[in-house]
């Protein structure tokens, strides 16, 4: 969940425009600036276009407002499984044909599933955009979802889970860390799903998910590259315009319940080196939808959220930069070099997500360094920020990198599309990308210190430790991630653990 | 909000993404090239759209030059920014990051890379280039930094032992390349890192980080004269030195070999392969095109069709040729849960034998050529990709019209070329098979 990388990726445009979208029979451009032009089809589908005429290629992405955080226990992973099934054919184009057509036309394609979105994309020569839109419109409404295909594909997904998580000690630790950190937030569940849920998932679950969430009024088309916006609008209307709308369920609010003290787990699996993750519950940028709910007095549950100022999330991004914004930042300077207790150490935070997130510190301790010493050192870094203002030079370096990064990002058309697609799908106005740099530049040293004091507290902390077991021969059925006796999870809640009290040498 | 999972598709991306068009004429960037006074080769492409510049300097100083001290190339490369011109690691990092410059250091099999991405506004660019020059020409190799980075490498080597993929990869290279330098992990081994010395690092730098052994690629929003000045500023104080001698040839395998390594993972990680092709190889295009429909094109490849789509046995299955200065590997790879290991491996080998014997179907080949040529513009649609491409062209002494002629070279490959190349170059009866995972008894 490294949101920083994404949120920072923006091309800044000089105009900030109104963002009211309206439905219209004819493609009507609500507004246009240097970066994004948008309009809405009469069935509710949103179209966003970024013209970029550097190379004769185009990126086309269809984003759906559905992902793992929309799921509930028992069907975890269904969003991702459905994403796989989207390549399994319609009446018009049988299984595999979508990929064949794109390939024969010199395109690349793929899809990805996150907590808050599912998206499908093609990269292709700009005169082949129409083909992509035709195929995407077809599978938005006409997917076959046959059981025989499902039964094979679910096995592929299980192999994917084994590859990405079960056989990777650090990934497995991260999965269990998330599961322990969040109490009721949907982010506690892995995107790929629990293995038992994959074992029991049926084609009917996938069909139901498709029927519920895949409709033009729950989707956004983003096109970036060497195209004219008016051509995209015309083609989008031609192919998506006739698709029927559907009644999209309104998600109930799912605010993380208040945490009452530091939570700790250990993951003991065959491995060679330990690993430490420390995550503090942290706010994300407020969505309009949530703000409205608040006004209606429906937000009693979000007890982790105290009153939140708009600048706080930007200050948290700068805080992550002070700790880990490059090789000159504090974690490298103090822990990898300086004290030389960490082989590597990092900090990550991302301000754009549907739900409350985590400000995460992580480290691989050096060979002779106890994990307690590593934890103490990270806590000391947090304490230092809380008690001493970061100096101006440090902040300037963080900001210089943000400013440069927004120029470098123009080198990737794919990223430009991705950024606005993600913001829009999460429920944030894509215009915030244009304000990002200015808001970062406005963050003061005092604000960085304030958010550290407010959010990096023991009451918000979860600590996960990977404790390596010996790697013995594999014939003993010692299967990480599946055999639960191999993973010990102890979740203790202690109210008082003060930062300095946990030192251990 | 990062994309938590990029879901479908997989590893051989770098191989199957070189492609082009049947009807449209693709405008390829024109590479300007010259040699510096002290002997470095320069390739430059102006890219006026974005106010930024990429410079990448590639030395023939990769792991292939470790000469028995595996890890030496990586350690030397990594230490350049850990003390130079009297500055500490911290001061060097601050120099770059205070102007928003991004540096890159990397050492792989053939190449050692030093590079920077900077804004072209002169107050930033001048500083970034000066800092890069210092790490390139005046590294101090302080003993403190040497010890620290060596210790970090030792821990990384240890970490590889918890990854079945890394264990399988190392075992595969060892078996395929025998006593050739390509056999040894560029990251080093426990033993080689114990034998490491600071003198070896200094000696390696002095011998290989010289102008005659350097290729410089430049892409960005500058004029030719500016590119010349920047290159001069960077390189003129580097000794001319000598171009390195050729690497030994990679020997062909004489017999099949299967290596099974016991590991407590839920999947078996499998590699099957042999020495493959090299840059400038006369069969390069034939083999490249041949691999595409077999296991190089993701969803439209035979391996994915059979192993994944038909049987649901693996998430990721692929084949690739990894062309290097000398013969790099041809490899097929996949992971599958323990109980399915033999079934998946049999299918993989059946497909290989069939393909080498019969080659691609005509329409398969046509679809592949269409994909390769049609997607060629995607491989050069950003400064970053273009930089990587031209650095490769310069480093491997490929013709300067490589980009212009790529499409016609791919189109010129016919079924006969492919069938002959496959039979001549791939030997299913003499391949290395590596399986890392739980060993099933009585089977």
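When residue A:292 is tested against (1) modelled with pLDDT under 90; (2) touching a helix residue (DSSP H, G or I) at 6+ places or on another chain (Cβ under 6 Å), only condition (2) is not met.
All of A:439, A:386, A:433 fail the test of being more than 9 Å from every other protein chain (Cβ to nearest Cβ), touching a helix residue (DSSP H, G or I) at 6+ places or on another chain (Cβ under 8 Å) and modelled with pLDDT under 95, apart from A:433. Within the range B:326-340, restricting attention to residues that are facing chain A (nearest Cβ under 10 Å) and within 30 Å of residue B:251 (Cα to Cα), the residue that is nearest to the chain's Cα centre (by Cα) is B:334. Within the range B:290-325, can you find the residues that are away from chain A (no Cβ under 13 Å), touching a helix residue (DSSP H, G or I) at 6+ places or on another chain (Cβ under 6 Å) and under 19 Å from residue B:417 (Cα atoms)? Matches in the range B:290-325: B:290, B:294, B:295, B:320, B:321.
Scanning the range A:454-471 for residues that are surrounded by 23 or more Cβ atoms within 10 Å (Cβ to Cβ), away from every other protein chain (no Cβ under 14 Å) and farther than 15 Å from residue A:282 by Cβ gives A:463, A:464.
When you go through B:429, B:363 one by one, which is the residue that is within 14 Å of chain A (Cβ to nearest Cβ) and either surrounded by fewer than 21 Cβ atoms within 10 Å (Cβ to Cβ) or farther than 30 Å from residue B:40 by Cβ (or both)? Break it down stepwise before answering.
Numbers: B:429 fails: within 14 Å of chain A (Cβ to nearest Cβ).
Result of the check over B:429, B:363: B:363.
Going through (1) at pLDDT 95 or above; (2) more than 14 Å from chain B (Cβ to nearest Cβ); (3) surrounded by 15 or more Cβ atoms within 10 Å (Cβ to Cβ) one by one, residue A:77 falls short only on (2).
Within the range B:341-361, can one find any residue that is under 26 Å from the mean Cα position of the chain (by Cα) and under 18 Å from residue B:405 (Cβ atoms)? No, every residue in the range B:341-361 fails to be under 26 Å from the mean Cα position of the chain (by Cα) and under 18 Å from residue B:405 (Cβ atoms).
Restricting the search to helices (runs of 4 or more DSSP H) fully inside the range B:133-248 and requiring at least 3 residues that are within 14 Å of another protein chain (Cβ to nearest Cβ), at pLDDT 95 or above and over 25 Å from the mean Cα position of the chain (by Cα) gives B:143-160.
Out of the range A:125-136, which residues are in a helix (DSSP H, G or I) and either surrounded by fewer than 20 Cβ atoms within 10 Å (Cβ to Cβ) or in contact with a strand residue (DSSP E or B) (Cβ under 8 Å, 6 or more places away or on another chain) (or both)? Selection gives A:126, A:127, A:128, A:129, A:130, A:131, A:132, A:133, A:134, A:136. Among the residues of this structure, residue A:260 does not count as one that is buried (at least 21 other Cβ atoms within 10 Å of the Cβ) and either in contact with a helix residue (DSSP H, G or I) (Cβ under 8 Å, 6 or more places away or on another chain) or at pLDDT 95 or above (or both). Residues in the range A:82-105 that are in contact with a strand residue (DSSP E or B) (Cβ under 9 Å, 6 or more places away or on another chain) and part of a helix (DSSP H, G or I): A:82, A:83, A:84, A:85, A:97, A:98, A:99, A:102, A:103.
No other residue among A:359, A:376 is touching a residue at least 12 places away in the same chain (Cβ under 8 Å) and either buried (at least 24 other Cβ atoms within 10 Å of the Cβ) or not assigned by TED's automatic domain parsing to the domain that holds residue A:279 (or both) apart from A:359.
Table: residues versus (1) surrounded by 19 or more Cβ atoms within 10 Å (Cβ to Cβ); (2) touching a strand residue (DSSP E or B) at 6+ places or on another chain (Cβ under 8 Å); (3) modelled with pLDDT of 95 or more; (4) within 14 Å of chain B (Cβ to nearest Cβ).
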| position | (1), (2), (3), (4) |
| --- | --- |
| A:116 | yes, no, yes, yes |
| A:138 | no, yes, yes, no |
| A:146 | no, yes, yes, yes |
| A:155 | yes, no, yes, yes |
| A:161 | yes, no, yes, yes |
| A:167 | yes, yes, yes, yes |
| A:173 | yes, yes, yes, yes |
| A:200 | no, no, yes, no |
| A:206 | yes, no, yes, no |
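Per this entry, residue A:111 is counted among residues that are at pLDDT 95 or above, in contact with a helix residue (DSSP H, G or I) (Cβ under 7 Å, 6 or more places away or on another chain), under 13 Å from residue A:84 (Cα atoms) and within 13 Å of another protein chain (Cβ to nearest Cβ). Among the residues making up the range B:252-273, those that are surrounded by 13 or more Cβ atoms within 10 Å (Cβ to Cβ) and either out of contact with any helix residue (DSSP H, G or I) (no Cβ under 9 Å at 6 or more places or on another chain) or part of a loop (DSSP other than H, G, I, E, B) (or both) are B:253, B:256, B:260, B:263, B:264, B:265, B:266. Mind checking whether some residue in the range B:117-129 is assigned to a helix (DSSP H, G or I), closer than 30 Å to residue A:470 by Cβ and touching a helix residue (DSSP H, G or I) at 6+ places or on another chain (Cβ under 6 Å)? Looking for residues that are assigned to a helix (DSSP H, G or I), closer than 30 Å to residue A:470 by Cβ and touching a helix residue (DSSP H, G or I) at 6+ places or on another chain (Cβ under 6 Å), one finds none in the range B:117-129, hence no. Here is the figure for the range B:254-289: residues that are within 30 Å of residue B:439 (Cβ to Cβ), more than 10 Å from chain A (Cβ to nearest Cβ) and in contact with a strand residue (DSSP E or B) (Cβ under 6 Å, 6 or more places away or on another chain) total 10.
Among the residues making up the range A:175-184, those that are outside any helix (DSSP H, G or I) and surrounded by fewer than 22 Cβ atoms within 10 Å (Cβ to Cβ) are A:183, A:184.
The values are calculated or read from the model by the stated rules, or taken from the named source; none is laboratory data. Predicted model, so just to flag it, every value in this text is computed and none were measured. Heads up, the Cβs are rebuilt from the backbone with ideal geometry, glycines too, and the neighbour counts pull from every protein chain shown.
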